[in-house]
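Report on the structure given below.
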Amino acid sequence: MNTSHPESILDTTELNKRLSEGNAAVQVYRDCLKKAHQTIKQRFIDGQQAAELVHLRAELIDQVLNLTWRDYFPANDLDIALIAVGGYGRAELHPGSDIDILILLRNDDHAHYREALEMFIMFLWDIGLEVGQSVRSIRECIDAARDDITIATNLMEARPLIGPQDLFEIMRQQTGPDKLWTSREFFEAKRQEQISRHNKYDDSGYNLEPNIKEGPGGLRDMQMIGWVAKRHFNAETLYDLVKHNFLTEQEHLHLIEAQNFLWQVRFGLHILTKRHEDRLLFDYQRSLADMLGYHDESSHLAVEQFMKDYYRTIMDLSLLNEMLLQLFQEAILYTDEHGKPAAINKRFQISKGFIEATNENIFKRYPFALLEIFLLIEQHPAIKGVRASTIRLIRNHRHLIDDTFRNDLRNRSLFMEIMRQPAGITHELRRMNRYGILANYIPAFGKIVGLMQYDLFHIYTVDEHILMVVRNLRRMTLDIHAHELPFCSKLIKKIPKPELLYLAGLFHDIAKGRGGDHSELGAADTIDFCRHHGLNNYDTNIVAWLVKHHLVMSSTAQRKDISDPEVIAEFASIVGNSNRLNYLYLLTLADMRGTNHTICNSWKASLLQQLYNATRRAFRRGLENPLAQTEQCENNQQQARELLSGQRVPDEAIDKLWNSLSQEYFIRHSVDEIVWHTEAIIANAGHEFPLILAQQHSQGGGTEIFIHMPIAGHLFAASTSIFEQLGLNVADARIITSSKDYAFDTYVLLEENGEAISSSQRIEAIINRLRNELAQSDFTKKHATRRTARQLKHFNTHTRVNFNHDDHNHRTVMEIITADRPGLLSKIGLALMECDVHLQNAKITTIGERVEDVFFISHNNQQPIKDEALLNKLRISIVTLLDS
């Protein structure tokens, strides 16, 4: 790479003038550097490319180091040299890049230079240069490089700044591949380093806040190519790989375009953050999109357009990285292997463990081979991957996938065979996505490649999420992963045609970003695809139904009262039969787990399980004969009484307690909960209130806290305030008041990480805190101690409060959509208290940056609130408390 630059932005005339006038050197250099850096920043803002400015900044630092070095070391000293290493060695410095230098000594005599070096380094820091320095002799460089591949890599990129050239050349020769880290050793170490680095980022660069340097497809992958090329081929530029026939001219152009785009992003990011920052955080994405010239459009925000370009860039870079490393692998690791390729068929063969086309005209002569190759990899698990030359052929021929190709019966059959294989589906769909085949074969999929949704709920791009869902479904079929979701692993084995489930996963979000209901639009796409691929009407309808209703199970479980038999009956009528229920349950869980790992906690999984079990019971009973609330109440009472009698709890005491409770209590609590409450309350007779109980939820996933005491208007606000003070999240709340004005309140609590409370000491502390504070007659609202999460600050979700009436259950349903924040529930509790509104139940749902909570409320006489003035007062109170 040519790092020379004819212009200088360091005003040496001004610098020397001020120094000659006796001004303090530190201040003079600081001022000149500040001015130069401001010039670089302004040039970037004005449109000059980062590809030029990174070299300009490196030249600026070169000048400063040359000038300051002379003040501490004599020019004729032949035993010391100043060397730029790492990114600075490549003459590539972004505004916040590390300035890595090596002070190279001919001998091991550090003491001779110690004082001058300390003063030199201190001066650099004083003038605002954050340098990373090492002081080593040639011998020490050799030892360090031998022990650490990172040091060897840094030295390989070294560039002399000041000092004797022979000293630099000796170091380079002694640490080169002839002396240590042969090409084979170096490649294997760097390849393993990349694998480990990718694993750190879940092997995906398509997440919500990617790392533009270290993540898959990032700048480090680009550097990886350069390092291997330099070590093995002594290549000075990426273009040298064209000369060595490892890259085509077009591929080299794509690499440079990708690098330049990522440099633009990184340069702008450093300017925005005023520091070394490689994480593309939510905090900066909008500002960066604006800085890079993106504008909001009717269908997509500027930030979504910018991030789509980013994700598509790293996808291209990932593919080129894969192809080049595979070529390097052949040239470096397998160069001595001369085994004869093993034929698979007349189109493909296996060479050195990699599948390859038998000649360069295969895809031109047999376009269907563009799909066949992925099926063959599934059928031959010993294949290590696709040979680089064949990857190139696939890239160059994917344009052949057009309407004629899609209408060809062979191709339709091949795609369905890919989806029906017992192994390798996820790997090959991901490979097809990387190679651009999936987007070409399913044009609707091509529209969502790299598409992000600017929220905190979806942490992956739409295409990555879709493939993650298919991956989650596939994992359920594998015995090695059966421990993760044991019930799902058993259930999926009962699915007659798992490929229908995979197709539903592939299409469930395919219509995102088009406007309109993506479930409806996706279902229409699904019908067309399935019919086109020969599925019968029954199978087509199952897949389309799953796509259309893929959200109904999660929304029912999280937003409705699933203890209500009517809710179960309504959901069961939508699903229709047990076969659909099985498919939908598996798809829903896979979807939740593939959206955001923090969203699908054990509590939400338990809600899905409860809904699944209740719906199965409804099907066994018959949809024409739904369970009535009175019947469920009587069943629960009967079973609970039998258990309590076995524990010798007197019937008289049971009757006295139960006669004060409404039917609602016995419907909304399980038999085990009724027994637990009854036994404890009777045993507590004559003792002080409040009675606080705790246990792990019977269905798993959360910790239940039960509060029994005389009712108080502030009870919900006070309880939730305490939970928030203790760093706990409320997942569910059931608020029951007896006819004798006693509270039977149950909360399901989760730790901040979404899991149940596991520490007995922690549970004891919660009980004591509740017991002490709820015993007080007054209530003083305490501010939540948790700070608002960094990411939440970038969303402005105005509070909306909606009401509708559930006359059958004698209550009003209040839905609150607002921004997530600490202290939310206790503020809502205050509003309910101020308006004298009774809370029956609460369903708490956090969706990324916002909450969509549902509260079942009533007058104190247990009737729906039909008074519009009161509802409006409540709405105003909530909005005022939350948005002020």
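Descriptive notes on the structure:
- Close amide H partners of residue 348, meaning residues 5 or more places away or on another chain with modelled amide H under 5 Å apart, are 358.
- Relative contact order for the chain, counting Cα pairs under 8 Å that sit 6 or more residues apart, in percent: 7 percent
- Here the label points at residue 634 and residue 26, each 7 Å from Cα along the C-beta direction, are separated by 8.9 nm in the simple model.
- Sites listed here are trypsin sites (Lys or Arg not before Pro) in segment 359-428 whose DSSP assignment is loop and whose Cβ has at most 15 other Cβ atoms within 10 Å: 384.
- Difference of contour (0.36 nm per residue) and Cα-Cα distance, residue 658 to residue 384: 91.9 nm
- Translational diffusion of segment 356-502, estimated by Stokes-Einstein from the Kirkwood radius over alpha carbon pairs at 20 °C in a medium of 1.002 mPa s, is 129 µm² per second.
- Cα gyration tensor, segment 578-646 - rounded (a/c under 1.5), prolate or oblate: oblate
- According to the Cα-based calculation, Rg over Rh for segment 618-711 is 1.01, with Rh computed by the Kirkwood formula.
- Degrees, to the nearest 10: 50-69 long Cα axis against longest axis of the chain: 60 degrees
- Counted over segment 61-156, the DSSP beta bridges are approximately 40% antiparallel.
- Estimated dipole of segment 203-280 in Debye, rounded to 20 [Cβ of Lys and Arg +1, of Asp and Glu -1, Cα centre]: 320 debye
- Of the chymotrypsin sites (Phe, Trp or Tyr not before Pro) in segment 308-409, those whose Cβ has at most 15 other Cβ within 10 Å and which sit in DSSP loop: 334
- Helix 165-174 and the long axis of the chain differ in direction by around 60°, with both axes built from C-alpha atoms.
- For residue 619, neighbours were defined as the other residues whose beta-carbon sits under 14 Å from its Cβ, and their charges (Lys and Arg +1, Asp and Glu -1) total +3.
- With a Förster radius of 60 Å applied to the C-beta separation of residue 740 and residue 577, the computed FRET efficiency comes to 0.85.
- Sorting the segments 156-166, 211-221 by their mean number of nearby beta carbons within 10 angstrom, highest to lowest, gives 211-221, 156-166.
- Top positive-direction residue, dipole computed over the chain with Cβ charges, set 350, 835, 232: 350
- Segment 634-655 and segment 155-218 have Cα centres spaced 72 Å apart.
- When the alpha-carbon atoms of the chain are used, the pair Rg, Dmax equals 33.4, 105 angstrom.
- What the chain shows is 43 Å² of accessible area per residue, with the surface traced by a 1.4 Å probe over protein heavy atoms.
- In terms of its C-alpha gyration tensor, segment 205-340 has a prolate overall shape, because the principal axis ratio a/c (a ≥ b ≥ c, square roots of the eigenvalues) is not below 1.5 and a/b outweighs b/c.
- Debye intensity ratio in log₁₀ form over the Cα atoms of segment 56-95, taken at each q of 0.17, 0.27, 0.30 Å⁻¹: -0.51, -0.94, -1.02
- Annotation: segment 1-104 has a Kirkwood hydrodynamic radius of 14.8 angstrom, from the mean reciprocal C-alpha pair distance.
- Debye, to nearest 20: dipole size of the chain, +1 on Lys, Arg Cβ, -1 on Asp, Glu Cβ: 1760 debye
- Model label points for residue 172 and residue 184, set 7 angstrom from Cα along the Cα-to-Cβ axis, are 2.7 nm apart.
- Estimated at 0.36 nm per residue, the fully extended path between residue 70 and residue 416 surpasses their Cα-Cα distance by 117.4 nm.
- Remark on segment 193-257: ratio of C-alpha radius of gyration to 2.2 N^0.38 Å is 1.24.
- Cα gyration tensor, segment 500-650 - rounded (a/c under 1.5), prolate or oblate: prolate
- The sum of -39500 (n - 2.57) across all DSSP H runs of n ≥ 4, divided by the residue count of the chain, sets its helix-only mean residue ellipticity at 222 nm to -16500 deg cm²/dmol.
- Mean-position separation - Cα centroids, segment 451-529 and segment 219-239, in angstrom: 38 Å
- Among 423, 331, 215 - extreme Cα towards positive end, dipole of the chain, charges at beta-carbon: 423
- Relative to the longest principal axis of the Cα atoms of the chain, the long axis of helix 388-397 lies at roughly 70 degrees.
- Loop-located chymotrypsin sites (Phe, Trp or Tyr not before Pro) across segment 526-587 with a Cβ neighbour count of 15 or fewer within 10 Å are lacking, with loop assigned by DSSP.
- Per atom type, the chain shows carbon and sulfur on 48% of its accessible surface, probed at 1.4 Å.
- Estimated dipole of segment 320-452 in Debye, rounded to 20 [Cβ of Lys and Arg +1, of Asp and Glu -1, Cα centre]: 220 debye
- Between residue 13 and residue 625, the simple spin-label model (points 7 angstrom out along Cα→Cβ) gives 10.1 nm.
- Pairs spanning more than 29 Å between alpha-carbon atoms, out of 200/230; 740/866; 604/873; 493/548: 604/873.
- Cα-based Rg and Dmax for segment 8-49, where Dmax is the largest Cα-Cα distance (Å): 12.1, 38
- Considering only segment 335-424, percent of DSSP beta bridges that pair antiparallel, nearest 5: 75 percent
The values are calculated or read from the model by the stated rules, or taken from the named source; none is laboratory data. None of these values were measured; they are calculated from a predicted model. Note that we place each Cβ from the backbone using ideal geometry, even for glycine, and neighbour counts take in every protein chain shown. Only protein heavy atoms, including side chains, enter the accessible area calculation; ligands, DNA and RNA are left aside. Shrake-Rupley method; radii C 1.70, N 1.55, O 1.52, S 1.80 Å.
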